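For reference, the structure discussed in these notes is given below.
The values are calculated or read from the model by the stated rules, or taken from the named source; none is laboratory data. Treat the numbers as computed from the prediction; the structure is a model and nothing was measured. Note: ideal-geometry Cβ built from the backbone for every residue, glycine included; neighbour counts use all protein chains shown.
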Amino acid sequence: MKFLSLLTLALIAPLAAVAAERPLKIDRSGTFLDVDVDATINFTSHLDAYDAQVMVDEAGKIKSAVFSFKFADLKSGKTDRDADMIKWLGGGSPEGRFEMGNLALTPDGQGQVSGRLTFHGVTERVEFPINVIRTGDSYTITGETTLDYRTWNLKVIRKAFVFSVSPQVKVRFKLTGTPVAEPAK
């Protein structure tokens, strides 16, 4: 009987830990993701539509994060350029996804995050600096990294031997949010 009690406890304990995690409600007015592109004529693409799922534990530590988007929602301000990007990615409705693996922060909120970035049918590990500021219940998460899109099996863009796009693109983001209130018991 004692064995059965211990087995039950061992199976339920992880569920209790997961139940203590709460999602952040993302404040879209204080959140952005921009991609700076170094080309013959430099430009920045801005992402407004996305799905961000960030979970925090009872102590307020970020435990998991998944950020998904459609490349059709990444807008450069020029419709033709955006359509060319979709063709370059293989057409259709290409999507991107970042899944956080490890997050290491110092007490002041500076640190490194690593995870898997998937797009163009390829998943690669990425790591970049991050800053997490917590003010009361509010979180502000910022980061910036440079990615080489050739890592995801994409070719360098060249048009008419005049226009070219550097394979190095800078991704900058800011996520703001607050934990969803725990349901009343």
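When the range 136-185 is examined, which residues are found to be within 30 Å of ARG22 (Cβ to Cβ) and among the aromatic types (Phe, Trp, Tyr)? Scanning the range 136-185 gives TYR139, PHE173. When the strands (runs of 3 or more DSSP E) confined to the range 10-115 are screened for residues that are aromatic (Phe, Trp, Tyr), those reaching at least 1 such residues are found at 32-39, 43-47, 62-70, 95-105.
A count restricted to the range 131-185 and to residues that are of a type in the set (Val, Ile, Thr), modelled with pLDDT under 95 and crowded, with 16+ Cβ neighbours inside 10 Å stands at 2.
Taking THR118, is it at pLDDT 95 or above and closer than 20 Å to THR176 by Cα? Considered against the rule, which asks whether it is at pLDDT 95 or above and closer than 20 Å to THR176 by Cα, THR118 comes out as no. Tallying residues that are of a type in the set (A, V, I, L, M, F, W, C) and part of a strand (DSSP E or B) within the range 117-169 yields 13.
So which residues in the range 43-65 are more than 12 Å from the chain's Cα centre (by Cα) and either among the β-branched types (Val, Ile, Thr) or under 28 Å from PRO94 (Cα atoms) (or both), if there are any at all? Don't jump to the end; show me each part of the working.
Applying the first criterion (more than 12 Å from the chain's Cα centre (by Cα)) to the range 43-65 yields 43-46, 48-49, 55-63.
Passing the criteria: PHE43, THR44, SER45, HIS46, ASP48, ALA49, MET55, VAL56, ILE62, LYS63.
Annotation: LEU154 fulfils all but one of (1) within 23 Å of ALA49 (Cα to Cα); (2) out of contact with any strand residue (DSSP E or B) (no Cβ under 6 Å at 6 or more places or on another chain); the unmet one is (1).
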